[in-house]
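The values are calculated or read from the model by the stated rules, or taken from the named source; none is laboratory data. Predicted model only: the values in this text are computed from it and were never measured. Here the Cβ is made from the backbone with ideal geometry for all residues, glycine too, and neighbour counts use every protein chain on show.
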Amino acid sequence: MAVVIIGGGQGGFQTAASLRAEGYQERITLIGDEPGVPYQRPPLSKGFLLGKQEQRHAELRPAAFYEMQRITLVKGRVAAIDRASRRVALDSGDHIQYDTLVLATGARNRQLSHEGVAYENVLYLRTLGEAAEIRQRLEAANDVVVIGGGFIGLEVAAAARTLSKQVTVIEAQERLMARVVAPVVSEYFRIEHEAKGVDVLLNATLRGIGEKEVLLGERTRRPADLVIAGIGVVPNVELAIEAGLPAGNGITVDKYLRTPDERIYAIGDCAECPSLFAETCVRLESVQNAVDQATCVAKAIVGHSAPYAAVPWFWTDQYDIHLQMAGLPAGFDHVVTRGNPETRKFSVFYFRGERLCAVDSVNRPADHLAARKLIGARTALNPDQAMDEDFDLKTALN
Amino acid sequence: MPKITYISDAGVSRTIDVPVGDTVMEGAVQNGVDGIVAECGGNCQCATCHVYVEEKFLPLLDPIGEDQDAMLDTTASPRKSNSRLSCQIHVKPELDGLVVHTPPTQQ
């Protein structure tokens, strides 16, 4: 018996660690294409850029952990999966046999396709190596242009501004984080970034990139010592497709996170699965999703199979603002706000019909934790209760 | 380096040198101390690095922040007055000799 895990990110690591925690005794091989031991990505766009955290703080476990737990770390890229003979082929020419295969291949950054993107001042942030380069290049930079007003872009903007750089954020949509939060939250973050001195350009079209500048709209130029693009990711589904497994916006898995090949699972950023919290299949990019799916698959491998049912949650830290999100707002038809954005502490409750489907909390951690439970238990909560700060959310759970 | 002692629910004790500035959680995870899971990686998001701090050290700790306070209400083992999230305890010279007890379960 042997488990092979492709992908050494948060999900791959957690699968291996949870298998051992569940008592799995056979061979575990974790294949990753980055140097070093598996690490967590959230600090890379936050404390790491500010120099508050170093590489060792990002590492999930020290090297000795893998030896002690008999988890073999293999450095390399997988060239192909041979499902008939149950082997993965590495670029090096080696083969590894599996009984169960877990695809935790993650995602890669979407690349800009504009003129000038080959300039060496254009950077992306996903890996520790990329974060280290941005951190080093920020030292000498004065003007920083961030392309994309999503989580990564805004976290980088906040870090660069905290380091006293001149920062411009270029967002194509009419508001920040438009894909994931309600307008009231977008507006709150625009005001906060602008108050810190960030130039936030909405509905802005990037036309091209010059050696030390970016070109916007008609003849508008912005100086740019450094251009950092955070314009989303593309799931790594190619290996699965080449092995004849179905994939859409992610490798297709059932509610047990299994592909149609019962020996192969897919988890984390690369997997698209049915969700109890959405009306369609979803592919989520988050630590929570990677960790909980890994744990679910580890249990299934040791014989305790159960449908994946964890409540999705996310977070982003920008300056001293802590935004925590629970549930999935997709398809919401109305929102109510608890608390006042002007106090810098408020939560937004998203309803789909009668049902509470998501809650975003700004500096209100107790609301967030209550929301995880309310959404998980499918508790009935009406908008009036949600808005009423005298109504204790926890009492709704009883 | 300050020495931090971790005592498991079963009474197994380990003492580790933890660099100033690191957290008590990091000291545990980097040295393979069982009983601290730290699923979220130290971001005050998951309450799986819960510890009980020996009473005499409590006055040396920073006050419990709002995030930690909310998170402590969700721990898998009962919250007590000396409950803390170890990812929120930054090691400083005065904490040399700190003793924390890990709870029976974190999840």
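Name every residue in segment A:334-349 that is within 15 Å of A:L393 (Cα to Cα) and not polar (S, T, N, Q), in order of residue number. Show your work before the answer.
Initial filter on segment A:334-349 (within 15 Å of A:L393 (Cα to Cα)): A:336-339, A:346-349.
Within segment A:334-349, A:V336, A:R338, A:G339, A:F346, A:V348, A:F349 qualify.
In this structure, is B:G32 farther than 22 Å from A:S286 by Cα, modelled with pLDDT under 90, within 14 Å of another protein chain (Cβ to nearest Cβ) and part of a loop (DSSP other than H, G, I, E, B)? Considered against the rule, which asks whether it is farther than 22 Å from A:S286 by Cα, modelled with pLDDT under 90, within 14 Å of another protein chain (Cβ to nearest Cβ) and part of a loop (DSSP other than H, G, I, E, B), B:G32 comes out as yes.
May I ask you to verify whether A:T259 is assigned by TED's automatic domain parsing to the domain that holds A:G12, polar (S, T, N, Q) and crowded, with 19+ Cβ neighbours inside 10 Å?
Numbers: assigned by TED's automatic domain parsing to the domain that holds A:G12: yes; polar (S, T, N, Q): yes; crowded, with 19+ Cβ neighbours inside 10 Å: yes.
Yes; evaluated as a whole, the condition is true for this residue.
Every condition in (1) in a loop (DSSP other than H, G, I, E, B); (2) within 14 Å of another protein chain (Cβ to nearest Cβ); (3) of a type outside the set (D, E, K, R); (4) more than 14 Å from the chain's Cα centre (by Cα) is met by B:A70 except one, and the failing one is (1).
Against the conditions (1) surrounded by 13 or more Cβ atoms within 10 Å (Cβ to Cβ); (2) within 14 Å of chain A (Cβ to nearest Cβ); (3) in contact with an Asp or Glu (Cβ under 9 Å, 6 or more places away or on another chain), B:Q107 satisfies every one except (1).
Pick from A:A17, A:A89, A:A80: which is within 12 Å of chain B (Cβ to nearest Cβ) and not in a loop (DSSP other than H, G, I, E, B)? Let's see the steps before the verdict.
Working: A:A89 fails: within 12 Å of chain B (Cβ to nearest Cβ); A:A80 fails: within 12 Å of chain B (Cβ to nearest Cβ).
From the options A:A17, A:A89, A:A80, the qualifying one is A:A17.
When segment B:11-29 is filtered for residues that are part of a loop (DSSP other than H, G, I, E, B) and more than 8 Å from chain A (Cβ to nearest Cβ), the ones remaining, listed by number, are B:G11, B:V12, B:V18, B:P19, B:V20, B:G21.
Scan segment A:64-76 and tell me whether some residue there is of a type in the set (D, E), under 18 Å from A:A17 (Cα atoms), out of contact with any strand residue (DSSP E or B) (no Cβ under 9 Å at 6 or more places or on another chain) and within 13 Å of another protein chain (Cβ to nearest Cβ). Show your work before the answer.
Narrowing segment A:64-76 to residues of a type in the set (D, E): A:67.
Imposing the further condition that a residue be under 18 Å from A:A17 (Cα atoms) reduces the set to A:67.
Still in the list and also out of contact with any strand residue (DSSP E or B) (no Cβ under 9 Å at 6 or more places or on another chain): A:67.
When the remaining residues are screened for being within 13 Å of another protein chain (Cβ to nearest Cβ), the result is A:67.
Yes: one or more hits.
Within segment A:325-334, which residues are in a strand (DSSP E or B) and at pLDDT 95 or above? Step through it out loud before you land on a result.
Restricting attention to segment A:325-334, the residues satisfying the condition of being in a strand (DSSP E or B) are A:325-327, A:334.
Once the filter is applied, which keeps residues that are in a strand (DSSP E or B) and at pLDDT 95 or above, segment A:325-334 yields A:M325, A:A326, A:G327.
Close Cβ contacts (under 6 Å, 6 or more residues apart or on different chains) running from residues in segment A:344-372 that are in a loop (DSSP other than H, G, I, E, B) to residues that are surrounded by 24 or more Cβ atoms within 10 Å (Cβ to Cβ) and at pLDDT below 95 are absent.
From A:D261, A:D269, grab the single residue that is within 17 Å of the chain's Cα centre (by Cα) and not polar (S, T, N, Q). So that I can check it myself, show each step before the final result.
Working: A:D261 fails: within 17 Å of the chain's Cα centre (by Cα).
Only one candidate qualifies: A:D269.
Could you run through segment A:150-182 and say how many residues are more than 16 Å from the chain's Cα centre (by Cα), among the basic types (K, R) and assigned to a loop (DSSP other than H, G, I, E, B)? Don't jump to the end; show me each part of the working.
Kept after step one, since they are more than 16 Å from the chain's Cα centre (by Cα), are these residues of segment A:150-182: A:157-176, A:182.
This time we only want the ones that are among the basic types (K, R), so: A:161, A:165, A:175.
Now restrict to residues that are assigned to a loop (DSSP other than H, G, I, E, B): A:165, A:175.
Selection size over segment A:150-182: 2.
Screening A:A386 on (1) more than 14 Å from chain B (Cβ to nearest Cβ); (2) over 30 Å from A:E22 (Cα atoms); (3) crowded, with 22+ Cβ neighbours inside 10 Å; (4) within 21 Å of the chain's Cα centre (by Cα) shows it passes everything except condition (4). Of all residues in segment A:193-245, those satisfying the criterion of being among the basic types (K, R) and either free of Cβ contacts under 8 Å to residues at least 12 places away in the same chain or part of a strand (DSSP E or B) (or both) are A:R207, A:R219, A:R221, A:R222.
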